[in-house]
Amino acid sequence: MSKIKIKTPEEIELLKAACKITSQILTAVGDIVKPGINTEDINTFVHKMTLDLGATPATLNYKGFPKSVCTSPNEVVCHGIPSKSVILKEGDILNVDVTSIKDGFFGDSSRMYFVGGRETASKEVQTLVDVAKQSLNAAIKIVKPGAKFGDIGAAIEKYISKQDHRYGIVREYTGHGIGSSFHEPPQVLHVGKKGTGPTMRSGMTFTIEPMINMGTWRTVLSKIDEWTVRTLDGKLSAQWEHTVLVTRDGAEILTEY
Ligand code: MF3
Ligand code: CO
Ligand code: CO
């Protein structure tokens, strides 16, 4: 028996509204990410814009997370805590992960930003960011009623293995069902075997959020703040996340720009 919720049309409308707010915030963040700003500045901006749009930042006080957004530069895989002491410089890459709550529904998405512009990053780094995004798109392509959740991880693995790079796909952190709760069944793995796992049905909503590392997939959790996740080898990591809906014949990206 599956615990995965099928959302009603009314619930889907509410989820869409939350996702739209998240997407608007991520687009606006693109204009403020510049050399010299610190990640606390991004937090202040996201917090204020969320409230201005009539929503609430989901991460603030979530399981003790202290800020309104996750900011994860360079070798930080995810769950970076905004801080005045993290000052961005030209050539850095940054993941910003926003989750907004609107009328009780959660919209969760993240994007990558090039600090100082795309050209300030090396070709190698640009490729990592691009490949991470394309791996998310490859996964979204297989989403439709009747597909299995394991097909998502299989699609990402297949896409990554076709690249001419020895990238690692993070295993410990996954996508998740989403709706009137932040994280609900199923767990959406970014590695997997085709034909395994629960079956997708129209009306299911979940995130896909692959974290792709330049080196090993292994990560370490900061002993200092117990949130910040870094690559074990200190190499760079890139992540893109969308909230998606299973439609009658495919997928709709709810956090599309
Ligand atoms: N937005 C993250 C996700 O994609 C979760 C962040 S939880 C936090 O699931 F506590 F770290 F903020
Ligand atoms: Co998520
Ligand atoms: Co997220």
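Observations on the model:
- When each of Leu136, Leu245 is scored by the number of other beta-carbon atoms lying within 10 Å, the sequence from fewest to most is Leu245, Leu136.
- Residues whose amide H lies under 5 Å from that of Met211, counting only those 5 or more places away or on a different chain, are Val170; hydrogens are built 1.01 Å from N in the peptide plane.
- 3J(HN,Hα) from dihedral phi, segment 110-124, Karplus parametrisation 6.51/-1.76/1.60, rounded to Hz, x for glycine, proline: 9, 9, 9, 10, 9, 6, x, x, 3, 5, 7, 8, 5, 4, 4
- Computed helical MRE - 222 nm, the chain, DSSP H runs ≥ 4 contributing -39500 (n - 2.57), nearest 500: -9000 deg cm²/dmol
- Over segment 1-149, Cα pairs under 8 Å with separation of 6+ residues give a relative contact order of 25 percent.
- Residues with amide H under 5 Å from that of Cys70, placed H, sequence gap 5 or more: Asp97
- For the chain, built as a Gaussian network whose Cα springs stay under 10 Å, the top-fluctuating residue of Asn38, Asn95, Asn213: Asn38
- Fewest-first ranking of Ile156, Ile224, Ile178, using other Cβ atoms within 10 Å as the exposure measure: Ile224, Ile156, Ile178
- HN-Hα J in Hz across segment 36-52 - Karplus 6.51, -1.76, 1.60, θ = phi - 60°, x for Gly and Pro: x, 7, 10, 6, 5, 4, 5, 4, 4, 5, 5, 4, 5, 5, 4, 5, 4
- Counting all C-alpha pairs of segment 9-253, share separated by more than 29 Å (%): 25 percent
- Between amide H atoms placed 1.01 Å from N, distances below 5 Å from Thr216 occur with Asp233, all of them 5 or more places distant or on a separate chain.
- Rounded to the nearest Hz, the phi-derived 3J(HN,Hα) couplings of segment 73-86 under the Karplus curve 6.51 cos²θ - 1.76 cosθ + 1.60 (θ = phi - 60°) are x, 6, 7, 7, 6, 6, 6, x, 8, x, 7, 4, 7, 9, where x marks glycine and proline.
- Euclidean distance of C-alpha centroids, segment 180-257 and segment 69-83, integer Å: 16 Å
- Here the calculated FRET efficiency for Asp130 and Tyr62, from their Cβ-Cβ distance with R0 = 45 Å, stands at 0.90, rounded to the nearest 0.05.
- Taking the number of Cβ atoms within 10 Å of each Cβ as an exposure proxy, the fewest-first ranking of Phe182, Phe149, Phe206 is Phe182, Phe149, Phe206.
We did not get these values from a lab; they are worked out from the coordinates using the rules stated. What you see is a predicted model, and the numbers here were worked out from it, not measured in a lab. Glycine also receives a Cβ, built like all others from the backbone with ideal geometry; neighbour counts cover every protein chain displayed.
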